[in-house]
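The values are calculated or read from the model by the stated rules, or taken from the named source; none is laboratory data. Nothing here was measured: the structure is a model prediction, and the numbers come from that model. Quick reminder, even Gly has a Cβ in these numbers, built from the backbone with ideal geometry, and neighbours come from all protein chains shown. SASA here: full protein model, heavy atoms, side chains in, ligands and nucleic acids out. Shrake-Rupley method; radii C 1.70, N 1.55, O 1.52, S 1.80 Å.
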There are 2 protein chains.
Amino acid sequence: NEDTVAQLDKAIESLLSGGMQRKPKVPKGTRDYLPEQMAIRDEAFTIIRRVFKRHGAVEIDTPVFELKETLTGKYGEDSKLIYDLADQGGERLALRYDLTVPFARFLAVNAVGNIKRFHIGKVYRRDQPALSRGRYREFYQCDFDIAGVYGRMVPDSECLAVACEILDALPIGDFGIKLNHRRLLDAILDICGVPAEKFRTICSAVDKLDKEPWEEVRREMVEDKGLSGDVADRIGEFVVLKGKPWDMYNSLMTEKKFGDHKGALDAMEDMKILFEYLDAMDKLKFISFDLSLARGLDYYTGVIYEAVCMNGNTQVGSIGGGGRYDYLVSMFQEAGKVTPTVGVSVGIERVFTLMEERLQKEQGGTIKQPNVSVLVASAGGENQLQHRMRLTNLLWAANISAEFNQQENPKLKFEIANALERGIPFMVIVGEEEAKENKCKVKDLNARTEETVDVPNLVALLREKGVIPVGCEFAMELLKNGKA
Amino acid sequence: NEDTVAQLDKAIESLLSGGMQRKPKVPKGTRDYLPEQMAIRDEAFTIIRRVFKRHGAVEIDTPVFELKETLTGKYGEDSKLIYDLADQGGERLALRYDLTVPFARFLAVNAVGNIKRFHIGKVYRRDQPALSRGRYREFYQCDFDIAGVYGRMVPDSECLAVACEILDALPIGDFGIKLNHRRLLDAILDICGVPAEKFRTICSAVDKLDKEPWEEVRREMVEDKGLSGDVADRIGEFVVLKGKPWDMYNSLMTEKKFGDHKGALDAMEDMKILFEYLDAMDKLKFISFDLSLARGLDYYTGVIYEAVCMNGNTQVGSIGGGGRYDYLVSMFQEAGKVTPTVGVSVGIERVFTLMEERLQKEQGGTIKQPNVSVLVASAGGENQLQHRMRLTNLLWAANISAEFNQQENPKLKFEIANALERGIPFMVIVGEEEAKENKCKVKDLNARTEETVDVPNLVALLREKGVIPVGCEFAMELLKNGKA
């Protein structure tokens, strides 16, 4: 029956000695999100989800790991970047590399043929991280895809509309979307004299044009990939072409750049229809037609696009992309089945970085944490803490964000200073006197007013003074702007 | 300059032949979330986040994998359930097992000493899955923790209040929270004559009491863990005791069950203070004081609790739990540093299952997918699709969820039937005539009315008729109930 203090001390010591020998850290290429950063991420996701939902998309989720065989043979050279799980008996597993292949697998497993869905989730790549440019090994993708047989270029145009609306709604400055067509690219390679079996590898080389100069890409084509210099130069004449959609379309057609190449003319017809639809949805102004855009992944079969942030006329990084991939789902289906699919993926890490930079500029170097609306304090007497708890609980029940100081008896002076420092707009103060009469004081720290109120009227008074219940912020913003 | 059709055919063939030999599937113990299920999950998360936020908690996130050494030595016997990543060069990594150890690591890495935070994320356990009972290998946890030195039992009481508010707000029926104290349990073992070095292992045995009968737990104590029968029987007399908080407290104290055992009396004083606070926050009604509650994990040092769903008087499964763990963070800090912490974790899979069952009952077997507010259709003439796109885009810009049929020229009759079948409440219809005058028709499918409106007034009319912009649903609900 000895006291347990000695035993506890021993337990603590054994716990402490089990501690880490070196400073703890996060895995390479990953990061913690601190509250200020999470507030930004939450804002970005809220904006993005709103766009997805107003387009009538439904949400799905898939496991973060898939059977290894599900991912095998889908990513070409990038397959080496896939994280495998250890063999601990049982299935061979790997972390998902993107949300597109899991979506294709999802359609096959759940026998879904038509769907407009969005999916927000983390993906994993054992890439060389470049944290300053927002490139991580764990990062979020926000995907919107339409699967099913529909009018020519109709779902394609909605995917692009969604991308434009998201980038327009996010506070990240100017952006543009580069557009091309995988079959047009193939036609160009065909016209230039590239043999069909080299289409994909030459495509990969063209894809590097936004990072490398033409000379380097040409060298890769000729030296590494065995193209003749003539053929490479002919490609070079095509891939410099870019411009406003109708200007490009008209000049390519007028100059008969593709002769009567059936594949090229068919792809150009796709582009024409797409431009008309994008115009109807007032999105054509964001688009440029760019023959150098190739997109790395093998599975694209139609229109392809990439969204870039602009700083004036300078491109400051890719923030998303996508395209049509009509045969990826087939890889998981019975032979002969085809589920045509088109989608867009927004890479959110780059968006966070841009939003963070903007907020830091706006708020003078620091980013404000999300805040509570009311601090409940007490002034002298018995059972102060319980009085504070009782009142705070009333506010919680009305969905008002409220806190009380977790010390037993903090000084009121200190409480007020704390509220001012944290920018909390209202205080509710209860003293022994008020408690007896079931009253409390409401202090408006911005208006510098104070009034006494009956506790049953407290919530109504705070709402009158402009306190917004948690979850109603966006509705109130709409109301204020006269949009609701 | 051959046409590329033959080449495409070849590409398709090679893609198809690269397909899977067997039917694709998800890894064992995991699942896809279909749109109906995601709608439920989204509703649950929205409710839970609202509670966290009104308590002034900030949100954080951590990577889904940690350095293996971060997780080592924290989970006792359960460590064998941790998923390791394959060694592909570089660091040794493992998927997180819970959000608590990553939180402790987070506090140390980011030098955070005081925080009230929540974290919603997936965790991973190589457990035997029991899908029907909602036990998966990948599942969500929703954690709320308070770290820092505060008034005695104050943060503990707020964690319990948060748990009660969440379970009360979720549409899952009745629930209760079982409460105990780790130091009280230690004191009981001490009083019964268990040697200190066997406290943890006997604790693990007691923890099984909600799944196994006392006889089996007693057998484990005596046969497997070497306790004498007498000692086990004495423990048996304690662990049957449970009841309403003050009843239990008073009878234990009156009957002097713990004699003058310092550790026990100290823990009982904790309980007394906690009950007073829970009463002030109107949460004591949900609590039972249960001496059989032990909680498996080693790191608890104070109050412990577990939330259970009730069906009448029958317990139908644990949906969360937590407690105080004052020394876990120390394992990542310099020797001698202590960051006292208390938290609660809601296991959401079980909640989904309960919500799903309820909805299925309410909606007669099927669960409704989330829906759009407006279907935009066209009636005859040229450029129908573009007219539909133009109008739909106006609605999107006003944050109204709207769709148009993605076929080129669907029959209006078919469109109306489709809207009725999907339960879409409004249609906007544009014909060649209306398009010329910049007008359209608004059809209210519930009220069976139709009127013509100038396009610039379309959004206002729909809002008047009760269409709610995306993201304003909760605010409108509050308004309707007169709470906003």
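So what J values fall out for region A:110-121 if you push phi through Karplus, 6.51 cos²θ - 1.76 cosθ + 1.60 with θ = phi - 60°, rounded to Hz, Gly and Pro as x?
Once θ is set to phi - 60°, the couplings for region A:110-121 become 9, 6, 9, x, 10, 7, 10, 10, 10, 8, 10, x Hz.
Give the separation of the Cα centroids, region B:404-434 to region B:58-137, in Å.
49
Along the Cα→Cβ direction, 7 angstrom out, place labels at A:Phe45 and B:Val338. What is the inter-label distance in nm?
3.5
FRET efficiency for A:Asp210 and B:Leu461, Cβ-Cβ distance as r, R0 = 41 Å, nearest 0.05? Kindly include the intermediate steps, with their values, before the conclusion.
Values: r = 46 Å, r/R0 = 1.12.
E(calc), rounded to 0.05, equals 0.35.
Based on the Cα gyration tensor of region A:374-480, what are the three equivalent ellipsoid semi-axes, each the root of five times an eigenvalue, rounded to whole Å and given largest first? Don't jump to the answer; show the numbers that get you there.
Details: eigenvalues 105, 45, 32 Å².
Taking √(5λ) for each Cα gyration eigenvalue gives 23, 15, 13 Å.
Kindly report, to the nearest 10 Å², the accessible surface of B:Thr392 as traced by a 1.4 Å probe over protein heavy atoms only.
Around 0 Å² of this residue is reachable by solvent.
Cα-Cα pairs above 26 Å in region B:175-302: how many percent?
Values: 1559 of 8128 pairs.
Here the long-distance tail beyond 26 Å is 19 percent of all Cα pairs in region B:175-302.
Take A:Tyr136, A:Tyr305 and sort them by solvent-accessible surface of the protein heavy atoms, 1.4 Å probe, largest at the top. Display every interim value, and only then the final one.
Numbers: A:Tyr136 25, A:Tyr305 5 Å².
From most accessible down to least: A:Tyr136, A:Tyr305.
Remind me, what semi-axes does chain A give for its equivalent ellipsoid, largest first in whole Å, using sqrt of 5 times each Cα gyration tensor eigenvalue? Kindly include the intermediate steps, with their values, before the conclusion.
Working: eigenvalues 598, 168, 89 Å².
Sorted largest first and rounded, they come to 55, 29, 21 Å.
List every residue whose amide H lies under 5 Å from the amide H of B:Leu85, counting only residues 5 or more places away in sequence or on a different chain, with H placed 1.01 Å from N in the peptide plane.
Here the answer is A:Ala86, B:Leu93, B:Ala94, B:Leu95, since their amide H atoms fall under 5 Å of that of B:Leu85.
Am I reading the A/B interface right? What is its buried accessible area, both sides, 1.4 Å probe, to the nearest 100 Å²?
Numbers: alone 25820 and 25820 Å², together 40510 Å².
In total, this chain pair buries about 11100 Å².
Going Cα to Cα from A:Lys283, which lysines come in below 17 Å? Please leave out same-chain ones fewer than 8 positions away.
Once the sequence-local lysines are set aside, what remains near A:Lys283 is A:Lys178, A:Lys244, A:Lys272.
Given R₀ = 25 Å, what would the calculated FRET efficiency be for B:Asp247 paired with B:Met310, taking r from the Cβ atoms and rounding to 0.05?
Working: r = 19 Å, r/R0 = 0.75.
Efficiency, from the Cβ-Cβ distance: 0.85.
List the lysines whose Cα sits under 20 Å from the Cα of A:Lys198, skipping any in the same chain fewer than 8 residues away.
Here the lysines satisfying the reach criterion relative to A:Lys198 are A:Lys74, A:Lys208, A:Lys225, A:Lys262, B:Lys10.
Lysine pairs, Cα distance under 19 Å, 8 or more residues apart or cross-chain: how many in region B:374-480? The partial results should precede the final answer.
Values: B:Lys411/B:Lys441; B:Lys411/B:Lys443; B:Lys413/B:Lys441; B:Lys413/B:Lys443; B:Lys439/B:Lys465; B:Lys441/B:Lys465; B:Lys443/B:Lys465; B:Lys465/B:Lys480.
Summing the qualifying lysine pairs gives 8.
Going toward the positive end of the dipole of the protein assembly as shown, with +1 on Lys and Arg Cβ and -1 on Asp and Glu Cβ, which of A:Cys203, B:Tyr305, B:Ala398 do you reach last?
Projecting each Cα onto the dipole axis, the largest value belongs to B:Ala398.
Taking the Cα centre of the protein assembly as shown as origin, work out the dipole magnitude from +1 charges on Lys and Arg Cβ and -1 charges on Asp and Glu Cβ, in debye rounded to 20.
Magnitude of the dipole: close to 200 debye.
For every helix of n ≥ 4 consecutive DSSP H residues, a contribution of -39,500 (n - 2.57) applies; sum these over the protein assembly as shown, divide by its total residues, and give [θ] at 222 nm rounded to the nearest 500 deg cm²/dmol.
The helix contribution divided over the protein assembly as shown gives -12000 deg cm²/dmol.
Using the alpha-carbon atoms, what tilt in degrees (0 to 90, nearest 10) does helix A:384-397 show relative to the longest principal axis of chain A?
Result, in degrees: 40.
Quick one: putting +1 on the C-beta of Lys and Arg, -1 on the C-beta of Asp and Glu, what dipole do you get for region A:374-480 around its Cα centre, in Debye to the nearest 20?
Details: 13 positive and 16 negative charges, 30 e Å.
I would put it at about 140 debye.
If you rotate chain A onto chain B, whose Cβ in A ends up lying nearest the axis, and how many Å away is it?
Residue plus distance in Å, as requested: A:Ala475, 2.
As a test of the definition: which semi-axes, in Å, follow for the protein assembly as shown when you take the square root of five times each eigenvalue of its alpha carbon gyration tensor? Largest first, please. Please list the in-between numbers first.
On the way: eigenvalues 599, 239, 134 Å².
With the √(5λ) rule applied to the protein assembly as shown, the semi-axes are 55, 35, 26 Å.
Using r as the Cβ-Cβ distance of B:Val240 and B:Arg200, and R0 as 22 Å, what FRET efficiency do you calculate, to the nearest 0.05?
Numbers: r = 22 Å, r/R0 = 0.99.
For R0 = 22 Å, the calculated efficiency reads 0.50.
For B:Arg137, which sequence-distant residues (separation of 5 or more, or a different chain) have an amide H within less than 5 Å of its own amide H, given hydrogens modelled in the peptide plane?
B:Thr30
Using amide H atoms built in the peptide plane, which far-off residues or other-chain residues are under 5 Å from A:Ser401 H to H?
Residues meeting the amide H criterion: A:Ser373, A:Val470.
Where does helix A:5-17 land angle-wise versus the long Cα axis of chain A, in degrees 0 to 90, nearest 10?
20
Mind checking the angle between helix B:229-239 and chain B's longest principal axis? C-alpha axes, 0 to 90 degrees, to the nearest 10.
In chain B, helix B:229-239 runs at an angle near 50 degrees to the longest axis.
Can you bin region A:243-339 into rounded, prolate or oblate? Criterion: square roots of the alpha carbon gyration tensor eigenvalues sorted a ≥ b ≥ c, rounded for a/c under 1.5, prolate for a/b above b/c, oblate for the rest. Kindly include the intermediate steps, with their values, before the conclusion.
Numbers: a/c = 1.95, a/b = 1.25, b/c = 1.56.
Because a/c hits 1.5 or more and a/b fails to exceed b/c, region A:243-339 counts as oblate.
For chain B, what is the percent of antiparallel DSSP beta bridges, rounded to the nearest 5? Can you show the working numbers first?
Numbers: 53 of 67 bridges.
Rounded to the nearest five, the antiparallel share is 80 percent.
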